[in-house]
Amino acid sequence: MVSTTQPAVRQASRSTYLPVRGLRYHIREWGEPGAPILFLFHGWMDVSASFQFLVDALRERWHIVAPDWRGYGQTARPTQGPGVESYWFADYVADLEAIIDHYQPEGQVTLVGHSLGANVVCLYAGIRPERVRRVVDLEGFGMSASKASQAPRRYARWLDELKDKPRLNTYATVEDVAARLQKTNPRLPSDKAAFLAQHWSGQNAEGRWEILGDPAHKIINPQLYRLDEVMEIWRCVTAPVLHVEAVDSPTLKAIAGDVPLAEFKTRFAAFPDFREVLIADAGHMLHHDQPEQVAALIEEFCLQR
């Protein structure tokens, strides 16, 4: 059994609920208004509390604003019409804009994203370049380039998954959730796993623990990933971009597939100002594995004039 003992010292967060494009959005905040705002956006099948260890490692005075994306954590799931059939990437971009417009309606913002969140912030920085001062991309690579020939089969798979919708596993105890997190990330110590399990899951009506993520997130999106379009957006980014990646990143290898990594990463040349840092002894969740290193990189980069 995984210990549920949690460290005594964690910087306390508070929850705010904000109407965003018809949804009740949960925003986790650390620090006090008036300090420089640092926006943090989590990845797929994750929640905003995932940034707790990174926040604890920051040394400067910040007002941290970290939402749970739509359909994750304590943020509502869209339920208009017959229900959610798929989550559309453009909605994340629009949600991001609504959130930053609320918290920082004027001037330029500093955006940090992990994985899915990193892909969203990099797109936004090219769509609204005048609004973005700095971008930190934690293990965000884009997706595998698609081909038009893939469209028929992809739409067919989407239709099949709508008929047989994916389900998420449930767990008997919160300790089982923590053990599941450690199975995915063997570097995660028991105290961090216990903390995350409390925020990553909740008890259902049957008393079992389930992940706080809409299973519809697992339905394939029928739209193809058009790398050429994405790179055109990246070319419009005027903010410096810091890409932080784990050495021998398993996620990069999985997304690149049969494409040699050096060839795959040529896509980043689209960014006019792109810097890369590799972190050892870390996996995809590098803000869990090496929060002090990641925090130091963020602060050094984001505090530059």
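Since every read-out is calculated from the coordinates, none of them should be taken as a lab result. Bear in mind that the values here come from a model prediction, so they are computed numbers and not experimental data. Note: ideal-geometry Cβ built from the backbone for every residue, glycine included; neighbour counts use all protein chains shown.
Some observations on this one:
- Extension gain, Arg157 to Phe89, is 22.7 nm, computed as 0.36 nm per intervening residue step minus the present C-alpha separation.
- For region 119-219, a simple Cβ point-charge model (Lys and Arg +1, Asp and Glu -1, everything else neutral) yields a dipole of about 480 debye relative to the Cα centre.
- Per residue of the chain, the DSSP helices (runs of n ≥ 4 H) give a summed -39500 (n - 2.57) that works out to -9500 deg cm²/dmol at 222 nm.
- Spherically averaged projected area of region 169-254 from its Cα convex hull (nm²): 8.8
- Overall shape: prolate for region 94-144, with the ratio a/c of the largest to smallest alpha carbon gyration tensor axis at 1.5 or above and a/b above b/c.
- Partners of Lys253 within straight-line reach, counting lysines whose Cα lies under 18 Å from its Cα and excluding those fewer than 8 residues away in the same chain: Lys265.
- For the chain, share of DSSP beta bridges that run antiparallel, in % to the nearest 5: 45
- GNM flexibility winner over the chain from Glu139, Glu161, Glu210 (Cα, springs under 10 Å): Glu161
- Cα centroid separation - region 46-111 against region 142-168, whole Å: 26
- Calculated FRET value between Glu276 and Arg133, using beta carbons and R₀ = 30 Å, to 0.05: 0.95
- Its Cα gyration tensor gives the chain an equivalent ellipsoid; the semi-axes, largest first and in whole Å, are 26, 26, 21.
- Label zone (Ala145, point 7 Å along Cα-to-C-beta; backbone nitrogen cut-off 14 Å) within region 254-291: 256-270.
- Over 28 Å between alpha carbons, listed pairs Lys192/Lys218; Lys165/Lys192; Lys183/Lys218: Lys165/Lys192
- When the chain is described by a simple charge dipole with +1 on each Lys and Arg Cβ and -1 on each Asp and Glu Cβ, the residue from Ala76, Val237, Ala49 located farthest towards its positive end is Ala76.
- Positive-end ranking of Ala179, Ala194, Ser149 along the dipole of region 139-212, with charges on Cβ about the Cα centre, is headed by Ser149.
- Loop-resident sites, region 46-151, for trypsin sites (Lys or Arg not before Pro), counting at most 15 other Cβ within 10 Å (DSSP): Arg59, Arg61, Lys147
- Shape call, region 61-112: gyration tensor on alpha carbons, a/c limit 1.5: prolate
- Debye, to nearest 20: dipole size of region 167-295, +1 on Lys, Arg Cβ, -1 on Asp, Glu Cβ: 200
- Given +1 at the Cβ of Lys and Arg, -1 at the Cβ of Asp and Glu and no other charges, the dipole of the chain around its Cα centre is 480 debye to the nearest 20.
- Region 43-184 shape via C-alpha gyration tensor axes, a/c threshold 1.5: oblate
- Distance between modelled label sites at Gln198 and Leu227, nm, 7 Å Cα→Cβ extension: 4.3
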